[in-house]
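Following this message is one structure expressed as structure tokens.
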Amino acid sequence: MDKDKSGHVVETAVEARQGELGPSVLMLLGVSVGLAVLILAVTWMIFFKT
């Protein structure tokens, strides 16, 4: 990162967008809900499908 004459950090557009490195919240929520539904379906099949 470069600094201008006044000491402020000068970033390119690509550098400025690199704050979020992990998965998005929406994707994490979708995977969590899907996994919960799968676990509940398997539990229902094991215990209530006799």
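The values are calculated or read from the model by the stated rules, or taken from the named source; none is laboratory data. Just so you know, these numbers come straight off a predicted model, no measurement behind them. Neighbour counts are summed over all protein chains in view; Cβ atoms, including those assigned to glycine, are modelled from backbone coordinates with ideal geometry. Side chains included, ligands, DNA and RNA excluded: accessible areas come from the protein's heavy atoms. Shrake-Rupley method; radii C 1.70, N 1.55, O 1.52, S 1.80 Å.
Which of the trypsin sites (Lys or Arg not before Pro) found in the chain are loop residues per DSSP with 13 or fewer other Cβ atoms within 10 Å of their Cβ? Let's see the in-between values first.
Values: sites: LYS3, LYS5, ARG17, LYS49; in loops: LYS5, ARG17, LYS49.
For trypsin sites (Lys or Arg not before Pro) across the chain that sit outside H, G, I, E and B with at most 13 neighbouring Cβ atoms in 10 Å, the list reads LYS5, ARG17, LYS49.
On to the next question. Out of VAL9, PHE48, SER24, whose Cα points farthest toward the positive end of the dipole of the chain (charges: +1 Lys, Arg; -1 Asp, Glu; placed on Cβ)?
Sorting the options by dipole projection puts first PHE48.
Another question, then. Would you mind classifying the chain by shape? Square roots of the alpha carbon gyration tensor eigenvalues, ordered a ≥ b ≥ c; an a/c under 1.5 is rounded, otherwise it is prolate if a/b is larger than b/c and oblate if not.
prolate
With only Lys, Arg, Asp and Glu charged, each at its Cβ (+1 for the first two, -1 for the last two), find how big the charge dipole of the chain is about the Cα centre; round to the nearest 20 debye. Present the calculation step by step, with values, prior to reporting the outcome.
Working: 4 positive and 5 negative charges, 66 e Å.
It works out to roughly 320 debye.
Now for a different question. Quickly estimate the mean residue ellipticity at 222 nm for the chain, helices only: each DSSP H run with n ≥ 4 gives -39500 (n - 2.57), and the total goes over all residues, rounded to 500. Walk me through the intermediate numbers first.
Numbers: 2 runs with 28 residues, N = 50.
Dividing the helical sum by the residues of the chain leaves -18000 deg cm²/dmol.
What whole-number value in Å² describes the accessible area per residue of the chain for a 1.4 Å probe? Working shown, then result.
Details: 4920 Å² over 50 residues.
Accessible area per residue: 98 Å².
With axes computed from alpha carbons, what is the tilt in degrees of helix 25-48 against the longest principal axis of the chain, rounded to the nearest 10 within 0 to 90?
10 degrees
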